[in-house]
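Q: Take this structure, written in structure tokens, and hold onto it; I'll ask about it next.
The values are calculated or read from the model by the stated rules, or taken from the named source; none is laboratory data. Being a predicted model, the structure only gives us computed values, none of them experimental. Note that each Cβ is placed from the backbone with ideal geometry, even for glycine, and that neighbours are counted across all protein chains shown.
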Amino acid sequence: MTSSTPNPPVANPSTPLPYNYVVIEGPIGVGKTSLTRRLAEAYSGELVLEQAEENPFLERFYRQPKTAALPAQLYFLFQRSRQLQALRQNSLFKPLRLADYLLEKDRLFARVTLDDEEYSLYEQVYERLALDAPRPDLVVYLQAPVDVLQERIARRGIRYEQSMERDYLQKLVDAYAQFFHHYDSSPLLIVNVAEIDFIDNPAHFEQLRAEVARPRRGRHYFNPYKAD
């Protein structure tokens with residue numbers, strides 16, 4: 001539930017974020033990795049990034065989703081679980097960490113991409129891993145409609161992403177919306193980024209950075225304005 005209390009004073013970039021672990025999430029093309037990198041640079045934080053380019057099954061998945069979905073998804077599951085277990089083991093040092101994924105998103109993608117039998121097998125593997133991922137102090141969920149995502153995917157020009165079907169993107173957008181409708185494990189900031197360019201426009205990034213820097217509890221929404 002969104003708090004009705006007045007917003008606290010905005011922090012500036014020279015002041016540390018009031019969090020140790022921040023996760024930026026959202027569907028493909030929404031800009032989560034770019035925002036994670038920019039925030040890490042602004043606050044001298046440690047990056048925890050997906051390494052999609054290391055997944056040997058991903059390009060095949062975009063070409064032949066029915067045959068490559070399961071190995072692609074299992075590869076991501078093992079990769080993400082290793083990263084986050086290492087993160088938990090090193091948590092005593094408590095630096096600022098910024099990640100571009102939640103572990104829970106692995107199940108979200110699995111449900112969209114796998115058939116029922118494959119998903120059942122995936123769930124058995126997931127449960128046997130006995131994952132204990134650290135809980136974020138803040139999750140920032142970036143939203144944008146499919147048309148915007150398609151334009152941004154085309155602009156960034158990753159070759160194997162160009163064959164991504166609109167229907168697949170729409171399923172992901174819907175799955176993310178459903179997931180975060182029920183999400184209450186951490187404070188949540190939901191941001192509509194359809195009309196802003198926080199990658200190339202410093203004023204847009206500053207708006208978003210200032211919102212992320214506010215201490216929060218519960219669920220909050222932010223619709224940035226198009227600053228010049």
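Q: Considering only residues of the stretch 187-208 that are surrounded by fewer than 17 Cβ atoms within 10 Å (Cβ to Cβ) and among the polar types (S, T, N, Q), which is modelled with the lowest pLDDT?
A: Asn201
Q: With the condition being closer than 20 Å to Lys171 by Cα, I'd like the helices (runs of 4 or more DSSP H) fully within the stretch 28-132 carrying at least 3 qualifying residues. Lay out the reasoning, then the answer.
A: On the way: elements: 32-43, 58-63, 65-89, 104-113, 116-128.
In the stretch 28-132, 58-63, 65-89, 104-113, 116-128 are the helices (runs of 4 or more DSSP H) which contain 3 or more residues that are closer than 20 Å to Lys171 by Cα.
Q: Pick from Ala203, Ala175, Ala210: which is over 15 Å from Pro136 (Cβ atoms), among the small types (Gly, Ala, Ser) and touching a helix residue (DSSP H, G or I) at 6+ places or on another chain (Cβ under 7 Å)?
A: Working: Ala203 fails: touching a helix residue (DSSP H, G or I) at 6+ places or on another chain (Cβ under 7 Å); Ala210 fails: touching a helix residue (DSSP H, G or I) at 6+ places or on another chain (Cβ under 7 Å).
Just a single option satisfies the conditions, and that option is Ala175.
Q: For the stretch 209-226, name all the residues that are modelled with pLDDT under 90 and buried (at least 17 other Cβ atoms within 10 Å of the Cβ).
A: Arg216, Pro224 - these are the residues of the stretch 209-226 that are modelled with pLDDT under 90 and buried (at least 17 other Cβ atoms within 10 Å of the Cβ).
Q: Looking only at the stretch 129-141, count every residue that is acidic (Asp, Glu) and crowded, with 18+ Cβ neighbours inside 10 Å and tell me the total.
A: 1
Q: I've got another one for you. Could you go through the stretch 134-151 and let me know if any residue there is at negative phi, small (Gly, Ala, Ser) and in contact with a Phe, Trp or Tyr (Cβ under 8 Å, 6 or more places away or on another chain).
A: no
Q: Tell me, please, whether a residue that is charged (D, E, K, R) and in contact (Cβ under 8 Å) with a residue 60 or more places away in the chain can be found in the stretch 183-191.
A: Looking only at the stretch 183-191, we keep the residues that are charged (D, E, K, R), and these are 184.
From the residues that got through so far, the ones that are in contact (Cβ under 8 Å) with a residue 60 or more places away in the chain too are none.
Looking through the stretch 183-191, none of the residues is charged (D, E, K, R) and in contact (Cβ under 8 Å) with a residue 60 or more places away in the chain.
Q: Also, I was wondering about something else. Can you find even one residue in the stretch 115-129 that is charged (D, E, K, R) and under 17 Å from Val30 (Cα atoms)? Outline the logic, then answer.
A: Restricting attention to the stretch 115-129, the residues satisfying the condition of being charged (D, E, K, R) are 115-118, 123, 127-128.
Then drop every residue that is not under 17 Å from Val30 (Cα atoms), which leaves none.
The answer is no; no qualifying residue exists.
Q: So is Tyr119 farther than 30 Å from His204 by Cα and modelled with pLDDT of 95 or more or not?
A: Details: farther than 30 Å from His204 by Cα: yes; modelled with pLDDT of 95 or more: yes.
Yes.
One line per residue, one yes/no per condition, for (1) touching a Phe, Trp or Tyr at 6+ places or on another chain (Cβ under 8 Å); (2) farther than 15 Å from Ser34 by Cβ:
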position: Gln124; (1), (2): no, yes
position: Asp132; (1), (2): no, yes
position: Ile153; (1), (2): no, no
position: Asp174; (1), (2): no, yes
position: Phe198; (1), (2): yes, no
position: Tyr221; (1), (2): no, yes
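Q: Answer yes if at least one residue in the stretch 142-157 is surrounded by fewer than 16 Cβ atoms within 10 Å (Cβ to Cβ), more than 28 Å from Ile199 (Cβ to Cβ) and either hydroxyl-bearing (Ser, Thr, Tyr) or touching a residue at least 60 places away in the same chain (Cβ under 8 Å) (or both), and no otherwise.
A: No, the stretch 142-157 has no match at all.
Q: Going by the structure shown, is Tyr126 more than 20 Å from the chain's Cα centre (by Cα), modelled with pLDDT of 90 or more and surrounded by 13 or more Cβ atoms within 10 Å (Cβ to Cβ)? Reasoning before the result, please.
A: Details: more than 20 Å from the chain's Cα centre (by Cα): no; modelled with pLDDT of 90 or more: yes; surrounded by 13 or more Cβ atoms within 10 Å (Cβ to Cβ): yes.
Judged against the criteria, Tyr126 is not a match.
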